[in-house]
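This report refers to the structure that appears directly beneath it.
The values are calculated or read from the model by the stated rules, or taken from the named source; none is laboratory data. Remember, predicted model here, so these are calculated numbers, not experimental data. Counting neighbours? That spans all protein chains shown, and the Cβs are built from the backbone with ideal geometry, glycine included. Side chains included, ligands, DNA and RNA excluded: accessible areas come from the protein's heavy atoms. Shrake-Rupley method; radii C 1.70, N 1.55, O 1.52, S 1.80 Å.
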Amino acid sequence: MSEHYVHLPIEEKWQKIWDDAHCFEAKDDYTMPKYYALIEFPFPSGAGLHVGHPRSNTALDIISRKRRMEGYNVLFPIGYDSFGLPTENYAIRTGIHPAKVTEHNMQVFHKQLKMLGFSFDYSREIYTSDPEYYRWTQWIFLKLFEKGLAYKAELPINFCTGCKVGLANEEVVDGCCERCGSPVVRIVRSQWMLKITEYADRLIDDLDTVDFIDRVKTSQKNWIGRSTGAEVTFKIEGWPEGLRIYTTRPDTLFGATYMVIAPEHPLVEAMADRIKNIDAVRDYRAKAARKSDFERSELAKDKTGVMLEGVTAINPANGKPIPIWISDYVLMGYGTGAIMAVPAHDTRDYEFAKTMGMPIVEVVAGGDIEKEAFTDCETGVLVNSGFLNGMQVEDAKKAMIEWLEKEGIGQKKTNFKLRDWLFSRQRYWGEPIPLVYCEHCGWVPIPEDQLPLRLPDIEDFRPADDGSSALARATDWIHTTCPKCGGPAEREIDTMPNWAGSSWYYMRYCDPHNDKCLADRKKLDYWLPVDWYNGGMEHTTLHLLYSRFWHKFLYDIGVVGCPEPYMKRTSHGMILAEDGRKMSKSFGNVINPDDLVREYGADTVRAYEMFIGAFDQTIPWSTAGVKGCRRFLERVWRLQDMLNDGQGVRKEMAASVHGCIKKVGEDYERMKFNTAIAAMMSLVNDFYQNGSVTKDELRTLLILMNPVCPHITEEMNELIGFTTPIYASKWPQYDESALVKDEIEVAVQVNGKIRAKMMLPVGMEQDAVRELVLDNPEVKPWIEGKTVIKFIAIRNIVNVVVK
RNA sequence: GCGGAUGUGGUGGAACGGCAUACACAGCGGACUUAAAAUCCGCCGGCGAAAGCUUGGGGGUUCAAAUCCCCCCAUCCGCACCA
């Protein structure tokens, strides 16, 4: 009899063996086929690993371990996204330097990850707050600056009142900070911006070249928000340049009965002396400016606005004079900040026109504009529209754009929802922006050979009340000389957002210790792109988008040789607490991976997290389920006591074993880990049913299970007498012929209802099947006295249709 | 409002258009045990007297629908005046 399964010594033993053998380290052997598997590197928070990490990590650990057994040179790296606000906030509370906190937290993470037995290449561990790492983050920023893709602009920005920091568009959720939940207000501030918009088209178009799950593609597309239409200039008396608008419905130009400009539109001040009610207009603008974005959208139902009295625009299609309004439902940041209002065919314009009593003119027939705006582009036909009359909407759009271009009053135009990326943070714990400001020379980059520009050591990490960074107090650091003219200059005191370091970390993994460049080009060419990247949906329009942008930029300047960083992107579902709520300290329902590993073992935790349900689905935790997986491992463990003297795969077990090899291999690839484990459970059940198992059968099971449960399988492999460890073994091939049976059970339906089950030889002629089936005593009563009008025999189903 | 996802036994979940409920959890029974736990072996959706009905609801396509199409309902997650 074998000893009981005691996980702890087994897991420690094998983790040490793997370490000593360096068996999971990627080799720089370019003759081997490569495989690059990546999970999002964790932020080393003080709370340590949570149960979500093992879900994603185990999934790609399974793939990595399987690939190695298939003969690939696998890069499966790990690191830490170690800059960031939570660490700085902790430093503010405790006075402990963020670098120290980070160091400690990373050690905790490292230990926890090892304890779970992930086959990371720990020799390539990196962290973004390492000066040797952020040196290259800064270098990339300088390249962006050099190419004009980083610029400083005085703009209204999203400012978190809690974190006292500016936020990117992507970081604002429901008008609040995605991190701390405090309200976000608009303040005007001089900020560094990155021109991600320059890459908008390619970020959409190149999605066709990669294998991302559809959800990810769709949300990136929607976030970038490409729309096509036209820009049209309306003449305005007394303002020669006219008012330029953007519309996606140029076909409805004849129906434009007024115009609306955003409150901040320059027209207001440019024409201030002609606007009779300028005080009322300015008053409206001031009120709009005070509203937060959140309030603006909250009040979306009630349209407000003021008409500019004394100013008239001309509808270029029909020459009619139309009024101009200002209203905050038009946004300065999109298109031209001005629209033509076609109330008959736009719901917002319709509402506004109803509220303000503006005329509504139907130009697309097919709806009932008495009731609501008719916005359908499929069925409508143009009316009241001169040369467009009788056309379908799509044809009318083309015809109108043609006309506008010929007349020189407009042209085709594409617009995006995507805005440039707000890149400054008024914080200490981030990469310093490697630029100085000189009175004479303006913004000057620090010479590359002076990188990294290190963060200065300071003691007080609090941001100033005016929202500027704690770095503002590091006056010795700030005052410097201009690299260009040698005169006095000041350093930028904003730092980069935490998205900076994570935008290129997968490159550094290819060559983590290089001190000449961010990574050797040969190594990048070998390893990139990442073959499989798994991560959270919450990063779809943040990290994933940002890093695609940086990658494309680095591709353009010749640093990398492929246009996309990630070939395949998948996403895991969230794990909820047992009560169905989010795991949260405040609910007191957090499950700690450490405790689980101690009590049940890493293999059980890994198996459970893979067995819990469909990988991409949100799922509640179940302690009973964990115990079930532990029970499964014990059941596997006891197979040692059932060994017989047989060799190879016995005939009576061949179908089970080879079926399992096939199923498990396919399911791992499709991320159907739950059904892969179910298949292995079934195989184990089959062994128990049989009463014994051969060494070779057992070893096959152990290899199949190894990617999920690496420790127990290695231990058993050794215990039953094999000297080659599984990590150095080959992934098994299934024998197709073993899956082919002589006979199969066929379900016989009459008119779609099961009436009998029969064993039939495989490959029987259709006519012979028919004869046997129709003669079956269980079938006969259902067809007696009726005519068989159809007989369908497919795979293991026969359907007899009678009348 | 728009976009995405989900809806199957007491529970987590399976099911290339082809036997709905694999695999587990919970429950029940048996063996073993002085006993319990553990283990092993079985049983195990609901309604209906039955024929049957039953994958959120209603239609449709099909020899055959959880799966495909149309219309609803519910829940969750994004985005939100983007002209």
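Just to verify a result, which residue in region A:712-728, among those that are in a loop (DSSP other than H, G, I, E, B) and within 20 Å of residue A:633 (Cβ to Cβ), is least open to solvent (accessible area, probe 1.4 Å)?
A:720
Please enumerate the residues belonging to region A:520-540 that are open to solvent by less than 40 Å² (accessible area, probe 1.4 Å) and without any contact (Cβ under 8 Å) to a residue 60 or more places away in the chain.
Scanning region A:520-540 gives a single hit, A:524.
Got a number for residues in region A:303-324 being within 16 Å of RNA strand B (Cβ to nearest atom) and free of Cβ contacts under 8 Å to residues at least 60 places away in the same chain?
4
Among the numbered criteria (1) out of contact with any Leu (no Cβ under 8 Å at 6 or more places or on another chain); (2) open to solvent by 20 Å² or more (accessible area, probe 1.4 Å); (3) touching a residue at least 12 places away in the same chain (Cβ under 8 Å), which single criterion is violated by residue A:327?
Just one mismatch for residue A:327, condition (2).
Looking only at region A:733-762, how many residues end up being assigned to a loop (DSSP other than H, G, I, E, B) and hydroxyl-bearing (Ser, Thr, Tyr)?
Qualifying residue count for the region: 1.
Somewhere in region A:552-559, is a residue hydroxyl-bearing (Ser, Thr, Tyr) and assigned to a loop (DSSP other than H, G, I, E, B)?
Within region A:552-559, not a single residue is hydroxyl-bearing (Ser, Thr, Tyr) and assigned to a loop (DSSP other than H, G, I, E, B).
Take region A:563-585 and flag every residue that is surrounded by 17 or more Cβ atoms within 10 Å (Cβ to Cβ) and either without any contact (Cβ under 8 Å) to a residue 12 or more places away in the chain or closer than 15 Å to residue A:508 by Cα (or both).
A:565, A:566
If a residue must be away from RNA strand B (no atom under 14 Å from the Cβ) and open to solvent by less than 60 Å² (accessible area, probe 1.4 Å), how many such residues does region A:770-803 contain?
The total comes to 2.
Considering only region A:69-97, state which residues are of a type in the set (D, E, K, R) and open to solvent by 10 Å² or more (accessible area, probe 1.4 Å).
Across region A:69-97, the qualifying residues are A:70, A:81, A:93.
Checking residue A:655 against (1) open to solvent by 30 Å² or more (accessible area, probe 1.4 Å); (2) among the small types (Gly, Ala, Ser); (3) free of Cβ contacts under 8 Å to residues at least 60 places away in the same chain, only one condition comes out false. Which one?
(3)
Do you know which residues across region A:198-232 are more than 10 Å from RNA strand B (Cβ to nearest atom), surrounded by fewer than 18 Cβ atoms within 10 Å (Cβ to Cβ) and over 15 Å from residue A:569 (Cα atoms)?
Once the filter is applied, which keeps residues that are more than 10 Å from RNA strand B (Cβ to nearest atom), surrounded by fewer than 18 Cβ atoms within 10 Å (Cβ to Cβ) and over 15 Å from residue A:569 (Cα atoms), region A:198-232 yields A:198, A:201, A:202, A:205.
Conditions (1) assigned to a loop (DSSP other than H, G, I, E, B); (2) crowded, with 19+ Cβ neighbours inside 10 Å; (3) under 21 Å from the mean Cα position of the chain (by Cα), marked per residue:
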{"residue": "A:499", "(1), (2), (3)": "yes, yes, yes"}
{"residue": "A:515", "(1), (2), (3)": "yes, no, no"}
{"residue": "A:546", "(1), (2), (3)": "no, yes, yes"}
{"residue": "A:550", "(1), (2), (3)": "no, yes, yes"}
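Given the structure, is residue A:162 away from RNA strand B (no atom under 16 Å from the Cβ), at pLDDT below 85 and either in contact with a Cys (Cβ under 6 Å, 6 or more places away or on another chain) or within 30 Å of residue A:669 (Cα to Cα) (or both)?
yes
Which residues, taken from region A:533-554, are away from RNA strand B (no atom under 16 Å from the Cβ) and aromatic (Phe, Trp, Tyr)?
Once the filter is applied, which keeps residues that are away from RNA strand B (no atom under 16 Å from the Cβ) and aromatic (Phe, Trp, Tyr), region A:533-554 yields A:533, A:549, A:550, A:553.
From A:179, A:135, which residue is of a type outside the set (A, V, I, L, M), open to solvent by 10 Å² or more (accessible area, probe 1.4 Å) and more than 22 Å from residue A:90 (Cβ to Cβ)?
A:135
So how many residues does region A:150-167 have that are surrounded by fewer than 21 Cβ atoms within 10 Å (Cβ to Cβ) and assigned to a loop (DSSP other than H, G, I, E, B)?
Qualifying residue count for the region: 3.
I'd like the residue in region A:236-252 that is more than 9 Å from RNA strand B (Cβ to nearest atom) and touching a Leu at 6+ places or on another chain (Cβ under 8 Å) and, out of all such residues, is nearest to residue A:388 (Cα to Cα).
Filtering region A:236-252 for residues that are more than 9 Å from RNA strand B (Cβ to nearest atom) and touching a Leu at 6+ places or on another chain (Cβ under 8 Å), the one nearest to residue A:388 (Cα to Cα) comes out as A:251.
If residue A:188 satisfies all but one of (1) crowded, with 16+ Cβ neighbours inside 10 Å; (2) more than 9 Å from RNA strand B (Cβ to nearest atom); (3) assigned to a strand (DSSP E or B), what's the number of the condition it fails?
Of the numbered conditions (1) crowded, with 16+ Cβ neighbours inside 10 Å; (2) more than 9 Å from RNA strand B (Cβ to nearest atom); (3) assigned to a strand (DSSP E or B), the odd one out for residue A:188 is (1).
Any idea how many residues of region A:466-492 are touching a residue at least 60 places away in the same chain (Cβ under 8 Å) and of a type outside the set (Gly, Ala, Ser)?
Total meeting the criteria: 1.
What's the number of the condition residue A:428 fails, among (1) open to solvent by 20 Å² or more (accessible area, probe 1.4 Å); (2) in contact with a Leu (Cβ under 8 Å, 6 or more places away or on another chain)?
(1)
Among A:719, A:701, A:739, A:760, which is under 30 Å from residue A:610 (Cα atoms) and within 14 Å of RNA strand B (Cβ to nearest atom)?
A:701
All but one of (1) free of Cβ contacts under 8 Å to residues at least 60 places away in the same chain; (2) more than 15 Å from RNA strand B (Cβ to nearest atom); (3) not in a helix (DSSP H, G or I); (4) not small (Gly, Ala, Ser) hold for residue A:595; which doesn't?
(3)
Only one of A:603, A:616 is part of a loop (DSSP other than H, G, I, E, B) and either open to solvent by less than 10 Å² (accessible area, probe 1.4 Å) or farther than 21 Å from residue A:115 by Cα (or both). Can you tell me which?
A:616
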